[in-house]
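**Q** Here's a structure for you.
Rule-based calculations on the coordinates, nothing more; no lab input. Quick caveat, the model's predicted, so the values are computed rather than measured. Here the Cβ positions follow ideal geometry from the backbone for every residue, glycine too, while neighbour counts run over all protein chains shown.
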Amino acid sequence: MVLLAFLLVLGIAGAGVYAFFTLGDDYVQTKSLGTHNQDDRYVPKNYGSDLVHLLIAGIDNEEGRSYGEGRGLTDMLLYARFDFENNRLNMIQIPRDSYVGEDFATGGTGKINALLNMGPDNQSPINNLTGAFEQLFQLPVDHYIAMDMDALKTIVDTFGGIEVYVSRDMQHDGSYLQQGWRVLDGASAEFFVRNRYGAGFERSDIDRLDNQRYFYSALFKRFLTATPGDLVKLMPVFAHYCSTDLSLTDLIDLAFSCLSLTAENVLFCKAPGATGPQLDPTGANRSNYYLDLYGRGTEEEPGLANLLDTYFRPQGAGVPPAQLMLPKLQIPAEVALYPPNVQSMGAVQNSENEGL
């Protein structure tokens, strides 16, 4: 799933007051994922109170797999930096197959999407993910929001469908979407944001991440036109499918701050890297996504370390590649790099209007 959880928080701005007075602050619960450990947090220099950093995860509890409640793979991983002083929101998409090395419990896959499920903390498994993320990327995680995959379909159906720009024809396993503007129901929306197979998806998850931006854009616009009745209907969805260490009061405060965001002040990028079994440093030939720390010195290929310094750290608080705990892989020159594709949500909406 690729539910942009902060947009759901936007909805709470309208319905949150209702829930607070009728249901109390326990309406939003940490559930089985537990509480994010604040004692051992990574706190960088120049850390300011006007910044909030969220790790947002979409949990895949696919039928037939037995992980335990709430402990599936992280099918979507999104890191969000709210800068309230400058009224900006920067987000980086982390591909689900990103290689994190052999020092973390991943069940032998080496993938970031297995950290939540395979880590040692059974009381608060969210720490398996947030703790590793802070170490790997040297980025602070103030709070987390996790959503079960089924929330996507329920949210879209609660809205009576979402109008989304489909950038290319899509067909796989009996599902089909035609290029152009389409009103998607919950099942179609799930296919749109999760599919990574068929023509036009030769880059698999990378092409899927690009598709997800169109859904984020559509959901953003739909929330801005939501009625109070729509928002009240979404509260049970949030309560049923969401795990977070944010209190309802905190969510409401965050939501009101988000209401002043414009499309131009919401920025997307994705972690640059490359794929290919020949890149696996263990020799196991696993087709993971290998993050590119160093880049090749161009605007399209800046490297992950430079990207994080530019958009996710305070000025003057850069962290060189050698200090990140991510695998120090040198991507050979003959291997194509997938760029970060830095875009504002306004640019995404412009490309929709131009019909690509």
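**Q** I want the antiparallel fraction of DSSP beta bridges within the chain, as a percent rounded to 5.
**A** Counting only bridges with both partners in the chain, antiparallel ones make up about 75 percent.
**Q** Taking 26 Å as the cut-off for C-alpha to C-alpha distance, list the pairs among Lys111/Lys328; Lys233/Lys270; Lys111/Lys221; Lys111/Lys233; Lys45/Lys328 that go past it.
**A** Lys233/Lys270; Lys111/Lys221; Lys111/Lys233
**Q** Still on this structure: Per-residue HN-Hα couplings for segment 328-339, Karplus 6.51 cos²θ - 1.76 cosθ + 1.60 at θ = phi - 60°, whole Hz, x for Gly and Pro?
**A** Values per residue, Gly and Pro as x: 8, 9, 9, 7, x, 4, 7, 9, 5, 9, 8, x Hz.
**Q** While we're on this one: Sum -39500 (n - 2.57) across every DSSP H segment of at least 4 residues in the chain, then divide by the residue count to get the 222 nm mean residue ellipticity, nearest 500.
**A** -10000 deg cm²/dmol
**Q** Report the GluC sites (Glu not before Pro) located in segment 233-307 that are in a DSSP loop and have at most 11 other Cβ atoms inside 10 Å of their Cβ, or state none.
**A** Glu299
**Q** Measuring from centroid to centroid over Cα atoms, what is the spacing of segment 105-166 and segment 257-335 in Å?
**A** Between the Cα centre of segment 105-166 and that of segment 257-335, the gap is 19 Å.
**Q** Moving on. Using the 10 angstrom Cβ neighbour count as an exposure proxy, how do Phe133, Phe238, Phe104 rank, fewest first?
**A** Final ranking by Cβ density, sparse to dense: Phe104, Phe133, Phe238.
**Q** What is the ratio of the Cα radius of gyration of segment 221-297 to 2.2 N^0.38 Å, where N is its residue count, to two decimals?
**A** 1.78
**Q** Now for a separate question. In debye to the nearest 20, how big a dipole does the chain give about its Cα centre with +1 on each Lys and Arg Cβ and -1 on each Asp and Glu Cβ?
**A** 220 debye
**Q** Exposure proxy check: Leu259, Leu177, Leu73 ranked by fewest other beta carbons within 10 Å?
**A** By the 10 Å Cβ count, ascending: Leu259, Leu177, Leu73.
**Q** Quick one: putting +1 on the C-beta of Lys and Arg, -1 on the C-beta of Asp and Glu, what dipole do you get for segment 282-356 around its Cα centre, in Debye to the nearest 20?
**A** Dipole magnitude for segment 282-356 comes out near 420 debye.
**Q** Could you tell me whether segment 34-169 comes out rounded, prolate or oblate from its Cα gyration tensor? Rule is a ≥ b ≥ c as square roots of the eigenvalues, rounded for a/c under 1.5, then prolate if a/b exceeds b/c, otherwise oblate.
**A** oblate
**Q** Going by how many other Cβ atoms sit within 10 Å of their own, how do Tyr290, Tyr176 line up, fewest first?
**A** Tyr176, Tyr290
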